[in-house]
Amino acid sequence: MLLTEVKNKKTASEFLDVAREIYRNDPHWVCPLDKDIEAVFDPEKNELHKHGVCTRWVLKSDEGHLIGRIAAFVNEKKAYQPEQPTGGIGFFECINDPEAATLLFSTAEKWLTERGMKAMDGPINFGENDSFWGLLIEGFTTPSYGMNYHHPYYKGLFDAYGFKTLYEQITNHLEVNKPFPERFTKIAQWVANKPGYTFKHLEVNKLEDFAKDFAEIYNDAWQDFENFVPLQTKGILETFNKMKTVMDEKLIWFAYINNEPASVIVILPDANQMIKSFNGKLGLIEKLKFLYYRWKGVSRMRAVVMGTKKAFQKHGLESALFIKLKEYVLPLNQYVELELSWVGDFNDKMLSIHEATGATFGKKHATMRKLFK
């Protein structure tokens, strides 16, 4: 086998092509856009390069066939939060061969060790956890945009190398046309009509204001979770601007109590239904197709993030937000499924909200950790 570090356009292209080879005959896999993968490794497009380092490798068989890949990275803002300095590995793809997988894992481990790391988490992203994060271990169905998809045998490759599950990420599915449970609806309607409670959907011409509100809610809601790093308004605004290509502003809702930002839910149409036939490419033809598919509409949505300030977490705001969404979505007669993704198994409050809506199990990913000897 021949392992090569990505250093030029040729190896960068091969890195992208590995996944196309691994999943060539898998009907469920949707090839991520090449530009999205490349952006992770581009210092001009990924601000984590300002306080971190990353690299990646491509693995070929003796005959020259693409059989694997892996990336490794150190995020200086998060590497020293666990008990031991911890780096990350991601974008792992490999044929069902323990020897090949071991070569990929050990190469990443050596690189991370040389940079002072004592452990590695994976598969994770050199970025936020809303995309390319976690190993799929249950629910091998068509993924939504940004969600990792893997062959079932991958878990065995991670286990064999010594990775242990750090936490699991639960994704649930909600049938849009199915009525909410009666108790959920009653609470939602009561909350929606309380004095001082207002609900607004995002407005594209006021993105900066909503980015500030999102930051205020998110940073309050998530502050007590392990390894939390506050989000900055600038970064959120950049994310909102990137979302514009698929965004429906009436699928992103905010709740306010006496004009104070209190709760938010961000839902996007599932772009994977638009790009499934693109095979990762986004040339002129694909762009025209994308515009057509966007105009035509898709049948699935993905809840990217949901959060409520700690002081308001027992006020039922989430249920009211879901009702506001449904009031908009149902008359469209377009969407049939909402994917509620992903929630860590440590987040009992959010999982309880999923259960209250009547959502059913969809997928499970695992974030794993390997301690170095």
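The values are calculated or read from the model by the stated rules, or taken from the named source; none is laboratory data. In this text, all values refer to a predicted model and were calculated from it rather than measured experimentally. Positions of Cβ are generated from backbone atoms using ideal geometry, with glycine treated the same way; all protein chains shown enter the neighbour counts.
Here is how the numbers come out for the structure above:
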read-out: Meets criteria (in contact with a strand residue (DSSP E or B) (Cβ under 8 Å, 6 or more places away or on another chain) and surrounded by 14 or more Cβ atoms within 10 Å (Cβ to Cβ)) for Phe254; value: yes
read-out: Flag if Val30 is among the β-branched types (Val, Ile, Thr) and either in contact with a Ser or Thr (Cβ under 8 Å, 6 or more places away or on another chain) or closer than 24 Å to Gln273 by Cα (or both); value: yes
read-out: Subset tally (residues that are surrounded by 18 or more Cβ atoms within 10 Å (Cβ to Cβ) and either more than 18 Å from Leu251 (Cα to Cα) or not assigned by TED's automatic domain parsing to the domain that holds Val264 (or both)) for segment 294-312; value: 2
read-out: Residue tally, condition of a type in the set (Asp, Glu) and in contact with a Lys or Arg (Cβ under 8 Å, 6 or more places away or on another chain), over segment 224-259; value: 1
read-out: Which numbered condition Lys281 misses (of (1) under 22 Å from the mean Cα position of the chain (by Cα); (2) buried (at least 18 other Cβ atoms within 10 Å of the Cβ)); value: (2)
read-out: Residue list for segment 122-166, filter: under 17 Å from Glu339 (Cα atoms), crowded, with 18+ Cβ neighbours inside 10 Å and among the polar types (S, T, N, Q); value: Ser144, Asn148
read-out: Within segment 329-373, considering residues that are over 22 Å from Asp270 (Cβ atoms) and of a type in the set (Phe, Trp, Tyr), the one surrounded by the most Cβ atoms within 10 Å (Cβ to Cβ); value: Phe372
read-out: Residue list for segment 167-197, filter: closer than 29 Å to Tyr23 by Cβ, surrounded by fewer than 17 Cβ atoms within 10 Å (Cβ to Cβ) and of a type outside the set (Ser, Thr, Tyr); value: Glu175
read-out: Condition check for Lys276: in contact (Cβ under 8 Å) with a residue 40 or more places away in the chain, touching an Asp or Glu at 6+ places or on another chain (Cβ under 7 Å) and surrounded by 12 or more Cβ atoms within 10 Å (Cβ to Cβ); value: no
read-out: Checklist (1) in contact with a helix residue (DSSP H, G or I) (Cβ under 7 Å, 6 or more places away or on another chain); (2) modelled with pLDDT under 95 applied to Asp34, failing item; value: (2)
read-out: Test: residue in segment 252-259 that is in contact with a helix residue (DSSP H, G or I) (Cβ under 9 Å, 6 or more places away or on another chain), of a type in the set (A, V, I, L, M, F, W, C), touching a residue at least 12 places away in the same chain (Cβ under 8 Å) and not in a strand (DSSP E or B); value: no
